Amino acid sequence: MKHQITGAVMMAALAWSGLARAEEFSLWVRSDGSEYMPKLVDAFNAKGEHTAKLQIVTTDELVQKYAIASAGGSAPDALSLDLIYTPAFAEAGQLKDMTDFAKSLDYFDSLSKAHLSVATFEDRIYGLPFSGDASILLWNKDLYEKAGLDPEKGPKSWAEIEDQARTIAGLGDDIYGFYFSGQCGGCAIFTFAPLIWASGGDLLQENGRKATLTDPKMVAAVEFYRGMVEDGLVPAGAETDGGTNFFSAFANGNIGIAPSGSFAIGALDNRYPDLNFGVTFLPGQTEGEWSSFAGGDNIVISHGTPDEKVSAIEAFIQFAYSLEGQTILANNGVVPVRGDIAKEALKDLDDRYAISAEAMAGGHTPYTTLFNDLINSRNGPWITALSAAWFASSADKAKAALEAGEEEMQSIIDSAN
Amino acid sequence: MQQMADSPLPEPTPRRSQRSGWMGLVYLSPALFLVAVFFLLPVGMTIWMSLHDWPLIGKARWIGIANYTRLWGDARFWDALWFTVQYTFAATIGLLGVAFALALMVQREGRAVAFYRTAYFLPVVTGFASASLLWVWLANVDSGLFSPAADALGLTDGRVNLLASFTPAFLLVTIMVVWKMAGFYMIILMSGLQAIPSDYREAARIDGAGRMQRFRWITMPLVRQPFALALILCVSSSMLAFDQFYIILSGGPHNQTVTAVYKIFNESFVSFRLGYGAALSMVLLAILMVLSVIQLILLRDREPGK
């Protein structure tokens, strides 16, 4: 019944937008979306109403390419943009105001709040949730079984992670309890920050205007990682991993526990079918607490896109929000961004996917227009401080590194305002 | 010869030199055009950008010399520049030392010599990015070559992550650059060595000069010019180092290996401040020009009699 109603709403929406003549619009997506986006676009184009021309751009180069295209007057009409860049793009005046369209959607209230929070700039909405990627914790069930742990029960607190990692590391020289990429700012905000959020701390406060790297929960979380490094539960290569092994380290099968993202569930199932793993939430310091980085893409419209193309883009967005669209996305490893039909879209998939959808719904996205400068940069204060602290030889040195990082972050924030 | 004898007498000198002046300009114009389009124009653009607050996305805003006053107090840029100078020093000594030794070894003719010459030159033809990626693997502590090998041979107590502390990481990159580029400078120096007429050495030998004396008083002064060329190329390319530090070390450990160009890249494409990046580029260009002039003066051939 529900299915039919949603279908009818969608048909009505398509019929309405179909009153305008068929339009062709260009659409960019970062290469992380190369699994689901072509399938979604093909299904949309098959409807015969409008045509989306898809171009896939390397993830690392998307912002630069967009900027160059925009300066040369050839920006794509629409763009599936890593949500953390939405504030910076909106502030620079590159995006069209989508507030009226967004508010006109019946299901506006069930769209991912985390996406919308970063898409809102000065009370106007400049982007709509498109794809979801939540951070979660993976554990290797085969290694758990070998080590005599219950393979069906993942760790539920920091202490449990450490205990279980220690037991697994005892299995042999080439087997390690835990893995994380020690030189990768993007990986750290995605998988390490949720440990702090879950415990009630934060790294940026007051809408991104105050850096709080010395938050007691942050210090505690750093000590938790530092302890595991010091005890040899983490492979030595982690210290200099800039993100290349973020996915593959766990995939190789000799790591007990690793924080990762929902994208990894599908990727591991497809590429490493023999790996037997479980999915759970990234826990807080005490049992029962958890959090997640609600990541993914917002879909945005370039400032210069002509009005007649906007309605075609809106039809595409509505198609993506339909049950058909959400199911295509879910089947390709994307967490659905429309909460009211997420269960239905995920019904053919196992409950590991349901966990990532729940993580997404309870997730958190830091708001800052300086995300690249502060967090993502390989030489930014976030990863520089963390890496020095995780691999420090004493708790005092770790604390000092965090203090230096906080100061540096604050000075970048202050000089930008 | 015949043609020359038949041709009429030359025109009076002034008119002729004027015409050939114009002709010279015509002949030069393709080169001038290329220099203008590919050097002067971009430099002009860079200067123009450096006077703006020019974000990667959004509108540029004229701010005069504010970027230049800001860089004056930017300790990170001066740190990066100081690191680049240290690296240039290490790389130049390593490169020219090894290249000179190789050049002395391969300057003679022969089949085996040709083989070694090719072998030493081979790393030069691989790109910096692919060579760096190869060394990333070689230096990997878990699955690479150096650390596990040193551990297996008992040289180190357990595996050491070479990339995790400054000295081994810096040495590793410098050695990689020497391995990759020494062949190139070897060719330059070798051609210089081969251009020395053998009469000089023979004459010196007849006069009773020893091997070291011949090297010091004949070879060294006569390779001065190709050596100057190699030195200038080496210093300017080392001052512009980027790929190897970006790919192998990501500027780590703890941002200690961020070079000047790396800093410019970060400002322009990570922090999206193209204007500020342009101002830093201008400073680097000025420094490079000064360095080249100094080297040219130091290595200028002394005039006869001095």
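Here is how the numbers come out for the structure above:
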{"quantity": "In segment B:215-228, residue farthest from the chain's Cα centre (by Cα) [restricted to those that are crowded, with 16+ Cβ neighbours inside 10 Å and of a type in the set (A, V, I, L, M)]", "calculated": "B:218"}
{"quantity": "Residue match in segment A:393-414 (condition: assigned to a loop (DSSP other than H, G, I, E, B) and hydrophobic (A, V, I, L, M, F, W, C))", "calculated": "no"}
{"quantity": "Filter result for residue B:171 (under 19 Å from residue B:252 (Cα atoms) and of a type outside the set (Phe, Trp, Tyr))", "calculated": "yes"}
{"quantity": "Count - residues of segment B:131-147 that are part of a helix (DSSP H, G or I) and either on the phi > 0 side of the Ramachandran plot or within 11 Å of chain A (Cβ to nearest Cβ) (or both)", "calculated": "4"}
{"quantity": "Residue in segment A:208-220 that is within 14 Å of chain B (Cβ to nearest Cβ) and within 30 Å of residue A:354 (Cβ to Cβ) present", "calculated": "no"}
{"quantity": "Residues that are outside any loop (DSSP other than H, G, I, E, B) and more than 12 Å from chain A (Cβ to nearest Cβ), drawn from segment B:62-75", "calculated": "B:62, B:66, B:67, B:68, B:69, B:71, B:72"}
{"quantity": "Unmet criterion (only one of (1) among the charged types (D, E, K, R); (2) in contact with an Asp or Glu (Cβ under 6 Å, 6 or more places away or on another chain); (3) not assigned by TED's automatic domain parsing to the domain that holds residue A:26) for residue A:289", "calculated": "(2)"}
{"quantity": "Residue match in segment B:260-275 (condition: crowded, with 16+ Cβ neighbours inside 10 Å, out of contact with any Gly (no Cβ under 9 Å at 6 or more places or on another chain) and of a type in the set (Phe, Trp, Tyr))", "calculated": "no"}
{"quantity": "Only listed residue being closer than 30 Å to residue B:140 by Cα and in contact with a Pro (Cβ under 6 Å, 6 or more places away or on another chain), chosen from A:168, A:161, A:136", "calculated": "A:161"}
{"quantity": "Identity of the residue in segment B:256-298, free of Cβ contacts under 8 Å to residues at least 40 places away in the same chain and not hydrophobic (A, V, I, L, M, F, W, C), that ends up nearest to residue B:57 (Cα to Cα)", "calculated": "B:271"}
{"quantity": "Any helices (runs of 4 or more DSSP H) falling wholly within segment A:29-116 and containing at least 3 residues that are in contact (Cβ under 8 Å) with a residue 60 or more places away in the chain, more than 26 Å from residue A:186 (Cα to Cα) and more than 14 Å from chain B (Cβ to nearest Cβ)", "calculated": "A:37-46"}
{"quantity": "Candidates A:340, A:350, A:373 - the one that is of a type in the set (D, E, K, R), under 22 Å from residue A:188 (Cβ atoms) and either assigned by TED's automatic domain parsing to the domain that holds residue A:60 or in contact (Cβ under 8 Å) with a residue 40 or more places away in the chain (or both)", "calculated": "A:373"}
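The values are calculated or read from the model by the stated rules, or taken from the named source; none is laboratory data. Values in this document were obtained by computation on a predicted structure and should not be read as measured data. Please note: Cβ atoms are built from the backbone with ideal geometry, for glycine as well, and neighbour counts cover all protein chains shown.
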